[in-house]
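Data first, discussion second: the structure below is written as structure tokens.
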Amino acid sequence: MEIQPNDFRRMSVEEFDTTKLLAHASKQSKERGYERFPIVDVDSHHYENESMPEILEYLDDPVLKQLATATARPNAKNARILNTMVGYQDMGGRIPRYGLRSFEKTPAGQTQRDAALTKRWMDAVGVDVAVLFPTPMLALGVHPQVEVEIALSRAYNRWLCEKVLAHEKRLVSMLYLPFNDPDATYQFVKEFGEKKGVVGFLITSTRYRPVHANQYMKTYALLEEMGLPIAFHGSYHWHDQAQGMLNRFISVHALGFVWYNMIHLANWVINGIPERFPKLKVIWLESGLAWIPFMMQRFDNEYMMRTSEAPALKKLPSDYMRDMYWASQPMEITDMGLLQETMRVINAETQLVYSSDYPHWDFDLPSTIYDLPFLSETAKRNILGGNADRLFNLKLGTKKLANVA
Amino acid sequence: MPEVFVSRIDDFAEGDRRIVFHGGLEIGVFHWQGTYYAYENQCLHQGGPCCEGVIMHKVEDVLAPDKTWLGQRFSADEAHFVCPWHGYEYDIRTGECVGNRKLRLKSFEVLRRGDDLYVVAS
Ligand code: FES
């Protein structure tokens with residue numbers, strides 16, 4: 001394979017190596033002394049499509065399994081059972097790791113490949129524990145067949161628990177919920193809630209189900225009882241009619257990753273879900289931070305006038321939002337004054353949790369937090385690890401698991 | 001002023017680049033359309049190895065005289081190198097970040113000494 005003429009840290013394409021790509025990140029880790037405190041990444045990814053033949057083995061339904069495996073070529077990177085999105089995350093090859101990833105070598109017969117690659121970037125970046133999520137399956141919420149969403153996400157969850165989480169103390173996950181089916185959603189929490197490495201459950205936000213529907217209350221109650229957080233993960237959907245008016249991927253990405261979380265957050269707060277389940281912890285992933293003060297101001301302002309339409313609330317919408325957790329990435333950094341204000345209004349020192357989104361194109365390093373001039377050392381350590389340690393009950397304390405040597 | 005060897009001139013093809021190291025400093029040297037350019041290999045975004053990314057010609061919108069949009073093309077003369085971490089683009093001739101030209105990479109002087117090229121690492 002030929003790529004642009006460069007010597008890419010003297011890597012030939014055949015030997016693409018994350019450690020070399022992230023050499024500058026390793027240097028940052030050492031310069032900033034990350035060996036002094038743990039770092040937890042609450043939103044990172046792997047490419048489950050590359051393990052699809054293994055995952056499909058976990059499908060229960062023999063007919064669906066035959067359909068899925070027959071349409072997947074041997075060692076296929078993808079299966080036609082999985083819906084795909086139109087999009088250009090790799091920016092036309094400008095982010096070469098998208099195309100080169102499959103050339104990266106991992107030690108044969110030892111650690112599972114997804115886990116080996118994940119721990120490789122975690123060490124380079126200085127991350128101790130990563131909450132790991134899939135990639136193409138973020139779009140499964142708009143699969144036209146609800147039964148496929150259920151079957152495939154159950155197969156994925158089983159595969160992840162057995163092949164990865166059971167063996168890796170540094171990898172945990174909030175498992176996919178097939179939210180288009182409220183009963184299956186509830187069953188998933190029952191089935192997987194106590195598995196090793198499961199620290200919560202995930203709703204991929206790109207879907208068309210209102211979170212306040214009565215059918216979900218039993219799931220929220222169960223999660224609250226089990227002490228497991230629920231997380232909403234943003235993504236985009238260019239086939240959405242509104243997003244379909246946008247002609248460039250930059251616009252679809254910038255708005256799409258916030259859009260569905262705005263809808264879910266509005267329904268969550270205005271329908272008083274936090275009053276019904278006061279101990280249920282809620283996390284918002286991959287929408288950045290700039291939308292939060294917008295939502296706080298917008299809904300506080302309207303609530304003061306239209307209080308009768310949100311009778312379940314006992315305080316301002318923003319007060320409920322201040323009880324929630326916010327993952328930092330992709331953190332908008334072009335106006336430091338606005339960022340500082342945003343961190344103030346969300347009580348970042350206790351509510352903000354660092355996320356990298358690695359290996360996706362808009363990942364954030366821990367230095368995006370650690371280098372902020374307006375945060376105290378205590379706040380930095382809380383955001384980078386302490387808050388997530390408490391949120392997920394990881395019991396890390398001051399333990400460092402990443403190799404920052 | 002430390003002069004750091006980059007390459008023999010004959011070995012440094014048009015369109016190619018080298019990364020040279022001096023102490024903790026990394027410098028990307030480009031050979032582009034007959035000229036050599038050298039910039040610090042430290043992205044202004046999150047510190048990525050910006051000089052190690054792909055080289056792409058600038059993308060341009062094509063408008064008709066009546067301001068209607070006709071399509072896109074690659075610039076015939078402006079080229080960018082793109083940081084491989086997140087895609088910040090830099091003008092290969094100036095080191096300016098093309099998304100905001102107020103931002104510019106530190107540049108270094110490139111010297112020819114006989115058959116060899118050096119960069120002044122200071
Ligand atoms: S570090 Fe270069 S684009 Fe982000």
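Brief remarks follow.
- Fully extending the segment from A:Ser102 to A:Val345 would add 83.3 nm, taking 0.36 nm per residue of separation and subtracting the current Cα-Cα distance.
- Taking the helices alone, the protein assembly as shown has a mean residue ellipticity at 222 nm of -8000 deg cm²/dmol, built from -39,500 (n - 2.57) per DSSP H run of at least 4 residues and averaged over all its residues.
- The residue among B:Val98, B:Phe12, B:Cys83 whose Cα reaches farthest toward the positive pole of the charge dipole of chain B, with charges on the beta-carbon of Lys, Arg, Asp and Glu, is B:Val98.
- In plain terms, the residue of A:Asp335, A:Asp41, B:Asp91 with the fewest other Cβ atoms within 10 Å comes first and the most crowded comes last, giving A:Asp335, B:Asp91, A:Asp41.
- GNM top mover of B:Val62, B:Val98, B:Val20 - chain B, alpha-carbon springs below 10 Å: B:Val62
- Gyration tensor (alpha-carbon) shape descriptor, the stretch A:175-309, a/c threshold 1.5: oblate
- Sorted by Cβ neighbour density within 10 Å, fewest at the top, the residues A:Trp238, A:Trp284: A:Trp238, A:Trp284
- Shielding by partners, peptide B:43-56 (average Cβ within 10 angstrom, other chains): 5
- Counting Cβ atoms of other protein chains within 10 Å of each residue's Cβ and taking the mean over peptide B:77-89 gives 4.
- Protection-proxy order for peptides A:387-396, A:190-199, each taking the mean of Cβ atoms within 10 Å per residue, highest first: A:387-396, A:190-199
- R0 of 45 Å, Cβ-Cβ distance A:Met336-A:Lys218: FRET efficiency to nearest 0.05: 0.50
- Shape of the stretch A:343-405, Cα gyration tensor, a/c cut at 1.5: rounded
- Chain A, dipole about Cα centre (Lys/Arg Cβ +1, Asp/Glu Cβ -1), debye to the nearest 20: 620 debye
- Relative to its residue count, the protein assembly as shown spans a Cα convex hull of 175 Å³ per residue.
- Cut-off 16 Å (backbone N to label point 7 Å along Cα→Cβ of A:Arg390), residues of the stretch A:306-348: A:322-327, A:346-348
Coordinate-derived values only; no laboratory data. As the structure is a prediction and not an experimental result, all values here were calculated from the model. Every residue, glycine among them, receives a Cβ derived from its backbone with ideal geometry; neighbour counts consider all protein chains shown.
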